[in-house]
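Engineer: Dropping the structure in here first, questions after.
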Amino acid sequence: MCKDYVYDKDIEQIAKEEQGEALKLQASTSTEVSHQQCSGPGLGEKYPTWETTKPELELLGHPRRRRIASSFTIGLRGLINLGNTCFMNCIVQALTHTPILRDFFLSDRHSCEMPSPELCLVCEMSSLFRELYSGNPSPHVPYKLLHLVWIHARHLAGYRQQDAHEFLIAALDVLHRHCKGDDVGKAANNPNHCNCIIDQIFTGGLHTDVTCQACHGVSTTIDPCWDISLDLPGSCTSFWPMSPGRESSVNGESHIPGITTLTDCLRRFTRPEHLGSSAKIKCGSCQSYQESTKQLTMNKLPVVACFHFKRFEHSAKQRRKITTYISFPLELDMTPFMASSKESRMNGQLQLPTSSGNDENKYSLFAVVNHQGTLESGHYTSFIRHHKDQWFKCDDAVITKASIKDVLDSEGYLLFYHKQVLEHESEKVKEMNTQAY
């Protein structure tokens, strides 16, 4: 009457017995029992075990890797500007084209440890990677990412134009915390010895030596860093030319007199700096306040090195943007700026080797973030390397093909370099991952 299902123990037992008889009959006569005879309620069809054939074994032993064609566009997807959010879009494009980070998220290796997964920025980044690499050509609307950024980095909330570098550091900090299931930052004060994917990729070790001018005692500290901020000529801080009046070629940079290079900025960053009489510190060796010199070098290089040019100057006298052109190379060797190379420095002048045998310290450029306009109003865009020497310009929802000359001639605000030894392995993984899309 009610048309509800009724479970009858006797009928079920009869069905099992009939199923057994049918399977015996099938085995003895080698005749095929029709689907209608053995697929009734409680009667399952017996499937044979899978035995691999010789062609299948060959395919399993030697998987074919799909070659990426020059017209390959998966991963190239614009992002809608939600109201002065170009600062966010350009950083998202750089992060989603970071080879090792892309492999991590497209391999679905994130396991959420947050008490509220809907508030996890790492989960949203994982979803964002899937969206951008889905092959959908229409621009993506990153409204949820923006919402989570507003929740976890309240100083970036609102529709005012924000700084792309500030957003990058805030995003890495939140991602680092959420990878560890920490929503309030208790475990993120010191990212040293952290094994999350963010710190594995972006964290380097900054080596600081403070030398007492009286007893020459050296105090050394090593601090984690996610980026290196570099002074520019024309700023309030003193900047001296590194190679005045001559041409040279360092890290593939053609040094033209009057043009500052990324290597020049790094040489200035790692030169000894006299702290002066107004900044005396207490020496741990002679136990007295003495003048000292400070020198920064790299103790540990990250997988991805991010360089930030200090183009926005905020001082008591003025607020302005420094538009000085800085030449930067496609390939960079960081060996001369390591703490282990410090003995090659003499009076602040670094003897750069013409070639280095240490491939571990060699990097390739894969993303550049640019800012057009003034300090009060402007617009962020980015160049990203999609595959080998193929570059594209990302301007919010619009993505256009770019040349290497376009990239190297750009002003440059943030530069992203990837270790070459790991990048080559990542390209192999990318080729295999494309078979799933």
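Engineer: Looking at region 193-213, I want the residues that are within 13 Å of GLN295 (Cβ to Cβ) and without any contact (Cβ under 8 Å) to a residue 24 or more places away in the chain and have a partner that is open to solvent by 20 Å² or more (accessible area, probe 1.4 Å) and assigned to a strand (DSSP E or B) with Cβ atoms under 6 Å, at least 6 apart or on another chain. Which pairs are those?
Structural biologist: Correct list of pairs: empty, since none qualify.
Engineer: Go through (1) within 21 Å of CYS225 (Cα to Cα); (2) not in a helix (DSSP H, G or I) one by one and return the number of the condition ARG109 breaks.
Structural biologist: Only one criterion is unmet by ARG109, namely (1).
Engineer: Run SER292 past the list (1) open to solvent by less than 60 Å² (accessible area, probe 1.4 Å); (2) under 29 Å from the mean Cα position of the chain (by Cα); (3) modelled with pLDDT of 65 or more and report the number of the one that doesn't hold.
Structural biologist: Only one criterion in (1) open to solvent by less than 60 Å² (accessible area, probe 1.4 Å); (2) under 29 Å from the mean Cα position of the chain (by Cα); (3) modelled with pLDDT of 65 or more is unmet by SER292, namely (2).
Engineer: Identify the single condition in (1) modelled with pLDDT under 80; (2) open to solvent by 50 Å² or more (accessible area, probe 1.4 Å); (3) within 24 Å of PRO302 (Cβ to Cβ) that TYR437 does not satisfy, given that it satisfies every other one.
Structural biologist: (3)
Engineer: Additional query: Select from region 334-380 the residues that are in a strand (DSSP E or B) and at pLDDT below 55 and write down the one among them that is farthest from the chain's Cα centre (by Cα).
Structural biologist: Start the filter on region 334-380 by keeping residues that are in a strand (DSSP E or B), which leaves 338, 345-346, 349-350, 362-373, 378-380.
Subsequent filtering for residues that are at pLDDT below 55 retains 345-346, 349-350.
On the way: ARG345: 31, MET346: 35, GLN349: 32, LEU350: 30 Å.
Looking at residues that are in a strand (DSSP E or B) and at pLDDT below 55, I get MET346.
Engineer: Just give me the residues in region 381-405 being open to solvent by less than 30 Å² (accessible area, probe 1.4 Å) and within 16 Å of THR85 (Cβ to Cβ), in sequence order.
Structural biologist: THR381, SER382, CYS394, ASP396
Here's the yes/no breakdown for (1) closer than 21 Å to CYS394 by Cα; (2) not hydrophobic (A, V, I, L, M, F, W, C):
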| position | (1), (2) |
| --- | --- |
| ILE100 | yes, no |
| PHE104 | no, no |
| LEU119 | no, no |
| CYS123 | no, no |
| GLY135 | yes, yes |
| LYS144 | yes, yes |
| HIS147 | no, yes |
| HIS152 | no, yes |
| ALA157 | no, no |
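Engineer: Continuing with this model, one more query. Return the residues of region 127-145 that are within 16 Å of ALA171 (Cα to Cα) and either without any contact (Cβ under 8 Å) to a residue 24 or more places away in the chain or open to solvent by less than 10 Å² (accessible area, probe 1.4 Å) (or both); say none if nothing qualifies.
Structural biologist: Answer for region 127-145, where residues must be within 16 Å of ALA171 (Cα to Cα) and either without any contact (Cβ under 8 Å) to a residue 24 or more places away in the chain or open to solvent by less than 10 Å² (accessible area, probe 1.4 Å) (or both): SER127, LEU128, PHE129, PRO142, LYS144, LEU145.
Engineer: Go through region 153-166 and count every residue that is in a helix (DSSP H, G or I) and surrounded by 21 or more Cβ atoms within 10 Å (Cβ to Cβ).
Structural biologist: 2
Engineer: Filter region 261-280 down to the residues that are modelled with pLDDT of 90 or more, of a type in the set (Ser, Thr, Tyr) and assigned to a helix (DSSP H, G or I) and list them by number.
Structural biologist: THR263, the sole residue that qualifies.
Engineer: Which count do you get for residues in region 172-206 that are over 15 Å from PHE104 (Cα atoms), modelled with pLDDT of 85 or more and assigned to a loop (DSSP other than H, G, I, E, B)?
Structural biologist: 1
Engineer: May I pose another question? Within region 393-407, track down each residue that is in contact with a helix residue (DSSP H, G or I) (Cβ under 9 Å, 6 or more places away or on another chain) and either of a type in the set (Lys, Arg) or part of a strand (DSSP E or B) (or both).
Structural biologist: Of everything in region 393-407, those that are in contact with a helix residue (DSSP H, G or I) (Cβ under 9 Å, 6 or more places away or on another chain) and either of a type in the set (Lys, Arg) or part of a strand (DSSP E or B) (or both) turn out to be LYS393, CYS394, ASP395, ILE399.
The values are calculated or read from the model by the stated rules, or taken from the named source; none is laboratory data. Nothing here was measured: the structure is a model prediction, and the numbers come from that model. Don't worry about glycine lacking a Cβ; one is built from the backbone with ideal geometry, like all the others, and counts go over all protein chains shown. Side chains included, ligands, DNA and RNA excluded: accessible areas come from the protein's heavy atoms. Shrake-Rupley method; radii C 1.70, N 1.55, O 1.52, S 1.80 Å.
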